[in-house]
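Asks: Before I ask anything, let me first share the structure, which is written out below as C-alpha cells.
The values are calculated or read from the model by the stated rules, or taken from the named source; none is laboratory data. Note that the coordinates shown come from a computational prediction; the quantities given were computed from them, not determined experimentally. Virtual Cβ from ideal backbone geometry, glycine too; neighbours counted across all protein chains shown.
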C-alpha cells in the first residue's frame, strides 16, 4: 500500500546530469506552488555534474534520493512514488518549468472527476508556442508518420500524421485522449494503487504510452487539461547520453509492440516479429548515425 498523509501532492522529479535545468525547474515549483500542502522528491539517477550537491545546497526543503546507478526513468519514478506522502503524485520532468500556480486547479478538477487516472496540462515550448504533448496510440503506420519522420516533415497535413500527432485537435479544450507525455502528469494515488507502477522494463520513453494503455484498460481516463500550462525544454533530458537514449527508445518500441500490437496468430506473429524487429533495428542504426554526424 502507498502511504497517505495530510500532504496534498508529492512532486516527483527524476534527474540525470541536468543541473541547470533542474535548478530552474525547482525554483519555479517553489515560487509558483501555493495554497496546498506539497512535498518535492528528487530522485537522482547517478548524475556526475553536481546535480545532487546543488539540490542539497539550494533546495533544502526537497527530499533527495541519490541513486548510485542509473536504473532508468520508470524505476526512479517508482522509487520516488514509494516514499511519497501525498494523496496525489505530480510527475514532472527536470527540464520543465511551472509558469503559474496551476496545481490547486488540477487537484480540484480531479476531485470532481474520480474516474481520471492521468491529468495532463498543456505543454509549451520555451518560446511560448504549443508543444504537441498528447497523441493517439501508436500503430504500425506510426513508423512512417511520427513526429520526426520525413513524411511528416514533407507532408505534415497527411491524415496519418495528423491523426497520430493530433495536429487537427483543438488544444484549447479539455478532452479525453489516448495518451499524453509524462513530462507533466497529475495522478491521484488511488489510481496508482489500481493500475500499478510504471513498467520498469522501459528504461527511457514509451513508459508513458504503456501506462496510458493500462489506464484505459482499467476503465479509467487520460485527460488533457489546457487550463494549466507548463514550459518544457523538450529533448534536454536525453542530451547528456544521446546514444543510450536512442537505444533505450528503440528497445521500448519492441517491448510496446510485443505488449499491444503483436498478432495472436502464430504464423502472422513470426512474420510480423521479424518485420518489426528489422524495422526497429534499422531505425535505431540510422538514428545513431545521424546523431554522430550532427
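Asks: Please indicate, with yes or no, whether at least one residue in region 181-188 is more than 23 Å from residue 15 (Cβ to Cβ) and either touching a strand residue (DSSP E or B) at 6+ places or on another chain (Cβ under 9 Å) or not assigned by TED's automatic domain parsing to the domain that holds residue 126 (or both).
Replies: Narrowing region 181-188 to residues more than 23 Å from residue 15 (Cβ to Cβ): 188.
Of the ones still in play, those that are also either touching a strand residue (DSSP E or B) at 6+ places or on another chain (Cβ under 9 Å) or not assigned by TED's automatic domain parsing to the domain that holds residue 126 (or both) are 188.
Yes, because at least one residue in region 181-188 is more than 23 Å from residue 15 (Cβ to Cβ) and either touching a strand residue (DSSP E or B) at 6+ places or on another chain (Cβ under 9 Å) or not assigned by TED's automatic domain parsing to the domain that holds residue 126 (or both).
Asks: Among the numbered criteria (1) modelled with pLDDT of 95 or more; (2) part of a helix (DSSP H, G or I); (3) surrounded by fewer than 19 Cβ atoms within 10 Å (Cβ to Cβ), which one does residue 282 miss?
Replies: Residue 282 satisfies every listed condition except (1).
Asks: Please go through region 285-294 and give me each residue that is surrounded by fewer than 15 Cβ atoms within 10 Å (Cβ to Cβ) and in a helix (DSSP H, G or I), ordered by number. So that I can check it myself, show each step before the final result.
Replies: Taking region 285-294 as the starting set, the residues that turn out to be surrounded by fewer than 15 Cβ atoms within 10 Å (Cβ to Cβ) are 285-286, 289-294.
Selection gives 285, 286, 289, 290, 291, 292, 293.
Asks: Restricting to region 28-53, and then to whatever is without any contact (Cβ under 8 Å) to a residue 60 or more places away in the chain and in a helix (DSSP H, G or I), can you tell me which residue is surrounded by the fewest Cβ atoms within 10 Å (Cβ to Cβ)?
Replies: Ranking the candidates gives 53 first.
Asks: Need the failing condition index for residue 234 against (1) surrounded by fewer than 22 Cβ atoms within 10 Å (Cβ to Cβ); (2) modelled with pLDDT of 95 or more, just the number.
Replies: Result: residue 234 passes all but (2).
Asks: Here's another thing I want to ask about it. Can you work out which of the residues in region 54-70 that are out of contact with any strand residue (DSSP E or B) (no Cβ under 8 Å at 6 or more places or on another chain) and surrounded by 14 or more Cβ atoms within 10 Å (Cβ to Cβ) is nearest to residue 7 (Cα to Cα)?
Replies: Per the criteria, the residue is 54.
Asks: Sticking with this structure for a sec: Given (1) under 20 Å from residue 93 (Cβ atoms); (2) at pLDDT 95 or above; (3) not assigned by TED's automatic domain parsing to the domain that holds residue 128, identify the lone condition not met by residue 246.
Replies: Evaluating residue 246 over (1) under 20 Å from residue 93 (Cβ atoms); (2) at pLDDT 95 or above; (3) not assigned by TED's automatic domain parsing to the domain that holds residue 128 leaves (2) as the failure.
Matching residues to (1) in contact with a helix residue (DSSP H, G or I) (Cβ under 8 Å, 6 or more places away or on another chain); (2) not in a helix (DSSP H, G or I):
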| residue | (1), (2) |
| --- | --- |
| 68 | no, yes |
| 76 | no, no |
| 86 | yes, yes |
| 89 | yes, yes |
| 104 | no, no |
| 107 | no, no |
